[in-house]
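Here's the structure we're looking at; comments come further down.
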Amino acid sequence: MRLLVINPNTTASMTEKIGFAARGAASPGTEILALNPAHGPVSIEGYYDEALSVPGLLHLIQTTPGFDAVIIACFDDTGLDAARCLTDRPVIGIGEAAYHFASMLANKFSVVTTLARSVPALEHNLHRYGLSARCARVRSSEVAVLELEHPGSDACTRISAEIGRAVAEDHAEAIVLGCAGMADLAGRLAAEHGLPVLDGVTCAVRLAEAMVGLGLRTSRLGGYAPPPVQKLRATA
């Protein structure tokens with residue numbers, strides 16, 4: 001099984017971190033191919049960055065052969081619907097995967113993300129996925145995405161403090177980490193706070209393996225029907 005894991009931003013160090021987390025979660029025999037576009041924003045923090053990152057994401061799907069499923073490793077689930085139009089292989093957003101896992105582990109979960117400008121996009125996705133009633137709150141830690149790439153940063157301490165507030169104020173029973181760049185923090189924070197802390201990258205890998213193993217494909221009817229050939233050529 002070969003999983004294409006795409007970090008839609010252009011920061012290679014984050015792609016390496018995501019690939020490491022994905023390989024740690026993968027079953028024996030699963031190959032992880034972690035890529036990022038050559039062009040686009042260095043981080044995705046809100047609607048504007050999302051829009052800029054979609055062309056590079058779609059280009060990688062169109063030009064990378066031989067994958068069994070795609071994982072979009074941005075917690076905003078950037079370009080998810082458009083990506084599903086390009087392939088009948090399963091396409092999984094790490095946000096959607098983590099939300100579903102959390103909803104099966106706890107009555108209420110909170111999300112701890114990066115900057116406040118990212119909060120509305122995540123709230124919108126939760127409503128769209130039918131899971132807003134299961135989420136107590138989407139919280140901002142005010143940690144910029146690229147701070148997570150700096151070894152000397154106090155980002156983990158600030159994220160941990162926000163988790164503490166989510167437990168005390170939201171009565172959250174589980175925490176979803178709202179950024180792919182937090183993939184290496186989940187185990188440490190779960191042990192520190194004594195509750196499930198979910199990273200979307202690892203959740204998406206396991207979900208992708210299950211869907212491929214069951215032989216499931218994305219529907220070609222309705223909204224996920226493939227685009228006309230002339231439009232595919234225009235964006236390739």
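The values are calculated or read from the model by the stated rules, or taken from the named source; none is laboratory data. Keep in mind that this is a model prediction, so the values were computed, not measured. Cβ placement follows ideal geometry from the backbone for every residue including glycine, while neighbour counts extend to all protein chains displayed. Surface areas here come from the heavy atoms of the whole protein model, side chains and all, with no ligands, DNA or RNA. Shrake-Rupley method; radii C 1.70, N 1.55, O 1.52, S 1.80 Å.
Checking Leu105 against (1) among the hydrophobic types (A, V, I, L, M, F, W, C); (2) within 24 Å of Pro8 (Cα to Cα); (3) in contact with a Pro (Cβ under 7 Å, 6 or more places away or on another chain): exactly one of these is not met. Which one?
So the condition that Leu105 fails would be (2).
Which residue out of Ala204, Ala168, Ala208 is loosely packed, with under 15 Cβ neighbours inside 10 Å, part of a helix (DSSP H, G or I) and hydrophobic (A, V, I, L, M, F, W, C)?
Ala168
List the strands (runs of 3 or more DSSP E) inside the stretch 1-107, counting only whole elements, that have at least 2 residues being surrounded by fewer than 21 Cβ atoms within 10 Å (Cβ to Cβ) and at pLDDT 95 or above.
31-35
I need the full set of residues from the stretch 211-236 which are under 18 Å from Ala26 (Cα atoms) and assigned to a loop (DSSP other than H, G, I, E, B), in order please.
Leu214, Gly215
Could you check the stretch 171-184 and list, in sequence order, the residues that are touching a helix residue (DSSP H, G or I) at 6+ places or on another chain (Cβ under 8 Å) and surrounded by fewer than 20 Cβ atoms within 10 Å (Cβ to Cβ)?
Correct list: Asp184 only.
Just checking, does the stretch 117-131 include any residue being open to solvent by 10 Å² or more (accessible area, probe 1.4 Å), closer than 17 Å to Ala174 by Cα, in a loop (DSSP other than H, G, I, E, B) and among the hydrophobic types (A, V, I, L, M, F, W, C)?
There is at least one residue in the stretch 117-131 that is open to solvent by 10 Å² or more (accessible area, probe 1.4 Å), closer than 17 Å to Ala174 by Cα, in a loop (DSSP other than H, G, I, E, B) and among the hydrophobic types (A, V, I, L, M, F, W, C).
When you scan the stretch 132-165, how many residues do you find that are part of a loop (DSSP other than H, G, I, E, B), open to solvent by 60 Å² or more (accessible area, probe 1.4 Å) and at negative phi?
Residues that pass the stated criteria total 4.
Please tell me if Leu185 is more than 24 Å from Arg117 (Cβ to Cβ) and either free of Cβ contacts under 8 Å to residues at least 40 places away in the same chain or acidic (Asp, Glu) (or both).
Criteria not met by Leu185.
Looking at Ser103, Ser141 in this structure, which one is more than 21 Å from Ala168 (Cβ to Cβ) and touching a Lys or Arg at 6+ places or on another chain (Cβ under 8 Å)?
Ser103
In the stretch 130-160, what count of residues is obtained for those that are over 19 Å from the mean Cα position of the chain (by Cα), touching a residue at least 12 places away in the same chain (Cβ under 8 Å) and over 24 Å from Asp49 (Cα atoms)?
Going through the stretch 130-160 one residue at a time, the tally reaches 2.
Given the conditions (1) more than 15 Å from the chain's Cα centre (by Cα); (2) without any contact (Cβ under 8 Å) to a residue 24 or more places away in the chain, report the number of the one that Thr64 does not fulfil.
Failing condition for Thr64: (2).
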